[in-house]
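The values are calculated or read from the model by the stated rules, or taken from the named source; none is laboratory data. Worth saying up front: this structure is predicted, and the values here are computed from it rather than measured. Here the Cβ positions follow ideal geometry from the backbone for every residue, glycine too, while neighbour counts run over all protein chains shown. Remember, those area values only see protein heavy atoms, side chains included, never the ligands or the DNA or RNA. Shrake-Rupley method; radii C 1.70, N 1.55, O 1.52, S 1.80 Å.
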Amino acid sequence: MPEQFPLHFEFRANQTFDDFFAGENEPIVEDLKQCVLGNGAQQIFIWGKSGQGKSNVLQACCHYAQQYERQSFYFDLARYRRHRPAILIGLDDYDVVCLDNVDWIVGQEKWEQALCNFMQQHYERGHQLIISATCLPNYMTIKTPDLKTRLSWGLMLQLKTLVSTQSIDALIFKADAMGFEISPQVGRFLMIQHPSELDGLWHLLDKLDHASLAAKRKLTVPFLKRLFNNAES
């Protein structure tokens with residue numbers, strides 16, 4: 001008996017377009033919005049390094065679709081690649097489907113064929129599809145030629161890496177969206193002390209927010225230094 005596809009997925013409340021610091025990726029955000037509304041490309045393939053915000057923008061697309069009463073579904077292939085590909089059955093009913101981490105199922109022929117079939121059905125119904133991966137289809141070891149072709153059908157967009165000044169702006173933007181304030185000096189300090197991917201810094205911000213509330217202190221550089229020193233000791 002084929003696995004039943006889950007009827008709902010968990011929206012991540014803090015991953016809307018309002019929570020995404022676009023920087024130089026603003027044109028990509030606009031292309032995605034137009035796709036979701038059915039006014040732009042029917043299919044968009046987004047690629048970029050891990051931690052650049054691909055999952056965030058795919059979740060944001062689903063939120064945006066819901067605002068306009070369009071049925072949407074976010075599906076992370078990295079989480080479900082060990083399941084049977086029959087869980088894709090029925091996914092073509094949705095107006096907008098966002099498939100995250102498509103490169104995780106590459107090389108698995110049953111998954112490749114099932115994905116290829118879904119994409120064909122979804123396309124024929126005139127629905128919108130947004131896909132993410134860490135590289136372009138031409139650089140993937142795809143065993144099914146039709147899948148490589150279909151992944152390359154639509155608009156191909158590369159998420160740009162934020163430069164250091166934009167990364168600090170992104171931290172300030174994210175903190176504001178979370179309901180607290182950090183200064184540019186604190187932003188620079190965090191970037192120097194924790195030069196990790198931005199999604200790792202988002203988790204750090206959440207911990208720092210709780211620490212500042214517990215200590216009833218603002219997030220200043222001296223406070224952070226003591227906090228980090230205590231964590232190391």
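Observations, loosely collected:
- Summed over segment 38-63, residues that are more than 10 Å from the chain's Cα centre (by Cα) and under 16 Å from Phe20 (Cα atoms) total 3.
- The selection criterion, being hydroxyl-bearing (Ser, Thr, Tyr), surrounded by 14 or more Cβ atoms within 10 Å (Cβ to Cβ) and closer than 30 Å to Arg188 by Cβ, holds for Thr134.
- Taking residues in segment 205-233 that are surrounded by fewer than 16 Cβ atoms within 10 Å (Cβ to Cβ), and partners anywhere that are at pLDDT below 85 and among the β-branched types (Val, Ile, Thr), the pairs with Cβ atoms closer than 7 Å and at least 6 places apart or on different chains are Thr220/Val186; Val221/Val186.
- In segment 72-106, the residues that are open to solvent by 30 Å² or more (accessible area, probe 1.4 Å) and among the acidic types (Asp, Glu): Asp93, Asp95, Asp103
- Annotation note: Cβ proximity below 8 Å between a residue of segment 184-204 that is closer than 13 Å to Ala170 by Cβ and a residue that is at pLDDT below 70 and not in a loop (DSSP other than H, G, I, E, B) (sequence gap 6+ or interchain) occurs for Met191/Ser164.
- Residue selected from segment 64-99 under the condition assigned to a helix (DSSP H, G or I) and under 18 Å from the mean Cα position of the chain (by Cα), by the criterion farthest from Pro27 (Cα to Cα): Tyr80
- Near pairs, Cβ below 8 angstrom, 6+ apart or cross-chain, from segment 69-93 (under 21 Å from Lys54 (Cβ atoms) and without any contact (Cβ under 8 Å) to a residue 12 or more places away in the chain) to any residue that is open to solvent by less than 20 Å² (accessible area, probe 1.4 Å) and part of a helix (DSSP H, G or I): Tyr80/Ile87
- Residues satisfying the stated conditions in segment 13-42, i.e. farther than 24 Å from Gly126 by Cβ and of a type in the set (Val, Ile, Thr): Thr16
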